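Since the structure comes first, as structure tokens, the remarks are kept for the end.
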Amino acid sequence: MVQSCVTQGVGQILDSMIGLTRLTPRQRVIVAGGDSMTLYLGLRQRGFIRTTTPALCRYSWTQHSVGFIADEDAAQEAAEDAGAGIERHLEQISAFMAVNAELALRIGSGASGRKIRAKLEKLGFRIEAGVRCSQGLVLSASRHGYEQMARAA
């Protein structure tokens with residue numbers, strides 16, 4: 001399911017991420033990427049007080065049920081660089097996320113979808129939905145049964 005978003009502001013991207021992940025104020029959320037502080041502050045202003053970034057998080061064992069990744073430069077970067085940046089941010093926050101977590105990530109139009117999909121699958125995520133914006137695409141992915149996969153490996 002791919003929808004279209006009308007405005008390109010960070011507020012609209014944040015609203016799309018909140019809607020796609022069905023985020024509630026009681027859930028813990030971790031935010032990564034070049035736009036992480038903008039998203040962090042936007043979430044705090046909207047009443048999501050259990051929000052953090054990898055730099056602010058004291059313990060890596062803290063399990064967050066939702067993760068947001070947005071990189072402002074992803075829309076302008078070359079295809080390989082944009083995909084590598086998203087992959088790096090995915091690796092960065094995956095240790096902080098629960099086994100049944102939701103993830104929303106904004107990828108630029110030049111990012112390699114196959115690499116990002118492969119990385120998501122490697123980390124146990126499955127893409128569920130997306131919203132097309134003028135700056136790229138906001139994807140929603142969920143991780144279900146990742147604990148069983150990790151034990152089997």
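Take the conditions in contact with a strand residue (DSSP E or B) (Cβ under 6 Å, 6 or more places away or on another chain) and either surrounded by fewer than 17 Cβ atoms within 10 Å (Cβ to Cβ) or modelled with pLDDT under 90 (or both) and apply them to C57. Does it pass?
Numbers: in contact with a strand residue (DSSP E or B) (Cβ under 6 Å, 6 or more places away or on another chain): no; either surrounded by fewer than 17 Cβ atoms within 10 Å (Cβ to Cβ) or modelled with pLDDT under 90 (or both): yes.
For C57, the condition - in contact with a strand residue (DSSP E or B) (Cβ under 6 Å, 6 or more places away or on another chain) and either surrounded by fewer than 17 Cβ atoms within 10 Å (Cβ to Cβ) or modelled with pLDDT under 90 (or both) - is not met.
Taking the condition more than 20 Å from G136 (Cα to Cα) and modelled with pLDDT under 90, does Q63 pass? Even if it seems obvious, please write down each step before you answer.
Numbers: more than 20 Å from G136 (Cα to Cα): yes; modelled with pLDDT under 90: yes.
Answer is yes for this residue.
Working carefully through the options D35, D15, find the one that is charged (D, E, K, R) and at pLDDT below 85.
Numbers: D15 fails: at pLDDT below 85.
Going through D35, D15 in turn, just one is charged (D, E, K, R) and at pLDDT below 85: D35.
In the stretch 15-42, which residues are in contact (Cβ under 8 Å) with a residue 24 or more places away in the chain and hydroxyl-bearing (S, T, Y)?
S16, T21, S36, T38
The values are calculated or read from the model by the stated rules, or taken from the named source; none is laboratory data. Just so it is clear, the model here is predicted, and its values are computed rather than measured. FYI the Cβ positions are ideal-geometry reconstructions off the backbone, even for glycines, and counts take in every protein chain you see.
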